[in-house]
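**Q** The structure's right below; bear with me while I get my questions together.
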Number of protein chains: 2
Amino acid sequence: MMNHKFSELTLEDILDVEISDSSKPFITKLIYGRELKKLDIPTLEDDKCEVVGWHLGGARAEQLRDPRIVRVGLIQNTIVLPTSEPIADQRKAIHDKVGKYIEHAAKCGANIVCMQETWTMPFAFCTREKYPWTEFAEEAESGPTYKLLSTFAQRYNMVIISPILERDINKDDVIWNTAVVIGTDGLIIGKHRKNHIPRVGDFNESTYYMEGNTGHPVFDTPFGKIAINICYGRHHPLNWLMFGINGAEIVFNPSATVDNLSEPLWPIEARNAAIANSYYTCAINRVGTEQFPNEFTSGDTKPAHKEFGHFYGSSYVTAPDGARTRGLSRYKDGLLVAELDLNLCRQTKDEWGFKMTERLDMYAKKLSEASQTGFKQQIL
Amino acid sequence: MMNHKFSELTLEDILDVEISDSSKPFITKLIYGRELKKLDIPTLEDDKCEVVGWHLGGARAEQLRDPRIVRVGLIQNTIVLPTSEPIADQRKAIHDKVGKYIEHAAKCGANIVCMQETWTMPFAFCTREKYPWTEFAEEAESGPTYKLLSTFAQRYNMVIISPILERDINKDDVIWNTAVVIGTDGLIIGKHRKNHIPRVGDFNESTYYMEGNTGHPVFDTPFGKIAINICYGRHHPLNWLMFGINGAEIVFNPSATVDNLSEPLWPIEARNAAIANSYYTCAINRVGTEQFPNEFTSGDTKPAHKEFGHFYGSSYVTAPDGARTRGLSRYKDGLLVAELDLNLCRQTKDEWGFKMTERLDMYAKKLSEASQTGFKQQIL
C-alpha cells in the first residue's frame, strides 16, 4: 500500500506504480485507446515544469498524400505573484515564465502552441469584483500580450494561440473571453470569442462578458486547420460539431476548471469530441490554487473564503480514433508536446464513417423546429 | 503480479485487485465520478449470469417534488444454440434464457427492462448472407417476441424495451433495426427505428436495412420519459441531443460491438451523452463470441474466417452528473439493476446550466446553412 498525497499524483501515476505488468496492456488499451510512444525532446532545466512529448501515431501511409506531421505544444501554468500585487507586475511575471516555456516548446519542434484560458491573469471571476480584475483585459491586436507573442511567433516560426481577456475598444469597451491566433509572420490570423459562458459555482463569468459573436472560425495555418473551443464550450457537442463542419483538424480547448466541479468529466468530453468529429483535440487546463484578497461566497451554502478550488491541470491530447495521451501534472506547470499526423482525420472519417452517416439535413430541420417557441416534443 | 486471462476480466476487476486502498477513493472519483452504493437485490441461481445492482444516488431532496425513484434493468446475453441450428430453435432458446433474466429483473424491482440490440438472434450481418438470417425479422406488433414480452410486461407491471430485427409488413416487407416499447398493459407504446447505420468492419448492416424513419420519439411511461438510441447512434451527438430535446430522462443504448473495434470508446460516448444532455444513459452491449456456418471476410485484408470478434458486454449506467456504475462482465450474461431518481435530471440542468446556455437557435441556423450544397466554411 502506498502513501499517496493525492493532490500531487495523477491517475496515471497511480496506475504506473500499482498496476502489474501483466495487466498494463489491457488497462492501457481501455483507458488510453492505444499504447503511445514517447517523443524524444529536450529537457527543461526547471523542475517546476513537467515537460513530456508523445507520438500520437495511428495514421497509415497513403499513396497520394504525404504524411502531414505537426507538433503541438500545450502549456499549463500557475500564476506567479500573489493576486494582491499590481496588475502589471502580475502579468509581467506570468509573461516571463510562460515565455520560457514557449521558447522550450520551440526547441521541442512545436509548430503550434496554445496556453490555458486567460493565461495572463488569475481566474478572478470568483470574486464578482470588477476592479482591479478587468484591468487585465487588453486589446487583442495591440495589447502587451500580443506584442510579446508576436515576437515569439516570428522568431520561432510558430502559430501561437493566446487565450486572453479582451478589451473591445471598437465596441463600447466591452470585455470578451477571447483566443487570439497569431501567425508565423507575427500578425494576427484572427480571433475567436468564447461561445458558451458558465453560470456555475465560482465561475461567475457571465458577470463580466457575454457569449461570443465570432461564430466558429477555423484558422487555416501552415500547420493545419485549427480552431479553439474555449473552456465551458467543451460541454456543448454542438460547439464541437460546428468547428468540425467548418473544417477543423485540431481543436484546442483552453480551460480553467477545478477538481471538485469537473475532474471526472475532464477525460470524457474533449476525448468524446475527438471521436465524434474525427479531429484532434487538445484539452488544456489551468493549474494551481489561487488566493484572492477579499473573501467571496460560492453559492454552495458554505462560508465565505478567499480561495478558488484547485485547478487540476491534467492537460492532454486525443487523436481522431480516440487514442489519448496521459495528462500533465495536477499541481504544477507543464508543457505537453504531441506529434500528430493530420492525415488521420480523414482516414478516421473513412474508417468509421461518422460524418457520412450523420444526417445533417434531418437535424438542421429538427433543431429549427425545436428552437421555435411553441415547439411540440415528439412524445408517445 | 497476477496471471490474468484478459478476456474474462474487466478493467474494474483489475483495479479492484491491484489498486491499493489508499488510492481507491481518488481512482474511483476519476474513473466513476462518485462512489456508488450497491443495491440489495436477490441473487440468481445461475452462475452463467452476473447480477449486480447499484444506487446511482446524487439527487437531493426537493421541497415541492417527491423523489421519482425508478429501477432499470439492463440485460446482456450470449446466444444459446449454434448459428447452424434452425432459426425457430435458436430464437426459442434465447427467449427461454432471457425470459428467466426478465423474471429475475422483476424480482429485483426493475420497472423498465431493456435488452441488447437484436437480442433474439446472432449478429449475423457480418456474413452479408440474406438467408437464413433475415428470417429472424418479425413483426414488431404481433411477432413471437412481442407476444412473449407482452405477457411479462403485464405480469410484472414492467415497461420492456425489446430491440429486434423488424419485418415491416405494411411497407413492402422491408426490414428495420427497431426497438419496441411495451407498456405495463402489455400493449405497444411505440417503436423506434435505428437512426444511424454503420458501414465499418463486420458491421454490414446497411446491406440489410436503411436509416430509421421514426424520428426521435420519447415514450412517456409511468416510470419516466424514456428513449432509445440504438447502437451506432451513440457515435452521433446530434442523435443524443434530439432525444434530450424531446424530453427524455433515460436514454437506453442497446448495442452490439466488438473489442477490437470500439472497446476504448465504450466508456466515453454514452457517458458523455449523459453529461451533455443531463439525463441518464443505459449502455447495453451484446456479449460473447459468435461463429457462423460459412466463412466471410472483414474488409481488413485478413483471410476469410467464421467468427465475429468478441462482443465485450460491459453494460453500464451513467447519471446526469456523469457518475457511472461499473460495467457488467466482458464474457458472460449479465443483469444490471440500477436505482435512479429522475429528479436528478432537472437538478443537473439547474446546477450546470448546459441546456440554458446551449444557444440552440444559433446552431439551428448554422446547421441549416451547413446542410445546403454550396455551404461555405467559416475559414480565416
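The values are calculated or read from the model by the stated rules, or taken from the named source; none is laboratory data. Predicted model only: the values in this text are computed from it and were never measured. Here Cβ is always computed from backbone atoms with ideal geometry, including for glycine, and neighbour counts include all displayed protein chains. Note: accessible area is taken over every heavy atom of the protein model, side chains too, but ligands, DNA and RNA are not part of it. Shrake-Rupley method; radii C 1.70, N 1.55, O 1.52, S 1.80 Å.
**Q** What are the residues in the stretch B:204-225 that are within 10 Å of another protein chain (Cβ to nearest Cβ) and hydrophobic (A, V, I, L, M, F, W, C), if any?
**A** The answer is B:Val218, B:Phe219.
**Q** State all residues of the stretch B:333-367 that are among the charged types (D, E, K, R) and either at pLDDT below 95 or open to solvent by less than 10 Å² (accessible area, probe 1.4 Å) (or both); if no residue qualifies, say none. So that I can check it myself, show each step before the final result.
**A** Of the stretch B:333-367, the ones among the charged types (D, E, K, R) are B:333, B:339, B:341, B:346, B:349-351, B:355, B:358-359, B:361, B:365-366.
Passing the criteria: only B:Asp333.
**Q** Further question on the same structure: Please tell me if A:Leu15 is open to solvent by less than 60 Å² (accessible area, probe 1.4 Å), within 14 Å of chain B (Cβ to nearest Cβ) and not in a strand (DSSP E or B).
**A** Yes; evaluated as a whole, the condition is true for this residue.
**Q** Only one of these conditions is not met by B:Ala338: (1) under 16 Å from the mean Cα position of the chain (by Cα); (2) within 30 Å of A:Arg60 (Cα to Cα). Which number is it?
**A** (2)
**Q** I need the helices (runs of 4 or more DSSP H) fully contained in the stretch A:203-313, keeping only those with at least 1 residues that are more than 30 Å from B:Thr28 (Cα to Cα) and in contact with a helix residue (DSSP H, G or I) (Cβ under 6 Å, 6 or more places away or on another chain).
**A** A:237-245
**Q** Considering only residues of the stretch B:144-186 that are over 22 Å from the mean Cα position of the chain (by Cα) and in a loop (DSSP other than H, G, I, E, B), which is surrounded by the fewest Cβ atoms within 10 Å (Cβ to Cβ)?
**A** By that ranking, first place goes to B:Asp172.
**Q** Looking only at the stretch B:18-40, which residues are without any contact (Cβ under 8 Å) to a residue 60 or more places away in the chain, open to solvent by 20 Å² or more (accessible area, probe 1.4 Å) and either out of contact with any helix residue (DSSP H, G or I) (no Cβ under 6 Å at 6 or more places or on another chain) or at the interface with chain A (Cβ under 7 Å from one of its Cβ atoms) (or both)?
**A** B:Glu18, B:Asp21, B:Ser22, B:Lys24, B:Pro25, B:Thr28, B:Lys29, B:Leu30, B:Ile31, B:Lys37, B:Lys38, B:Asp40
**Q** Follow-up. Please enumerate the residues belonging to the stretch B:187-202 that are out of contact with any helix residue (DSSP H, G or I) (no Cβ under 7 Å at 6 or more places or on another chain) and within 7 Å of chain A (Cβ to nearest Cβ).
**A** Across the stretch B:187-202, the qualifying residues are B:Ile189, B:Gly190.
**Q** Go through (1) small (Gly, Ala, Ser); (2) under 24 Å from A:Ala364 (Cα atoms); (3) within 13 Å of the chain's Cα centre (by Cα) one by one and return the number of the condition A:Ser255 breaks.
**A** All conditions pass for A:Ser255, except number (2).
**Q** Ok, one more. Count, please, the residues in the stretch A:103-124 that happen to be open to solvent by 10 Å² or more (accessible area, probe 1.4 Å) and not in a loop (DSSP other than H, G, I, E, B).
**A** Matching residues across the stretch A:103-124 total 3.
**Q** Next question. Just one of B:Ala61, B:Ala106 is in contact with a Gly (Cβ under 9 Å, 6 or more places away or on another chain), farther than 23 Å from B:Thr289 by Cβ and of a type outside the set (Phe, Trp, Tyr); which is it?
**A** B:Ala106
**Q** Let me ask another. Look at the stretch B:62-93 and say how many of its residues are within 18 Å of the chain's Cα centre (by Cα) and either surrounded by fewer than 16 Cβ atoms within 10 Å (Cβ to Cβ) or of a type in the set (A, V, I, L, M, F, W, C) (or both).
**A** Count: 5.
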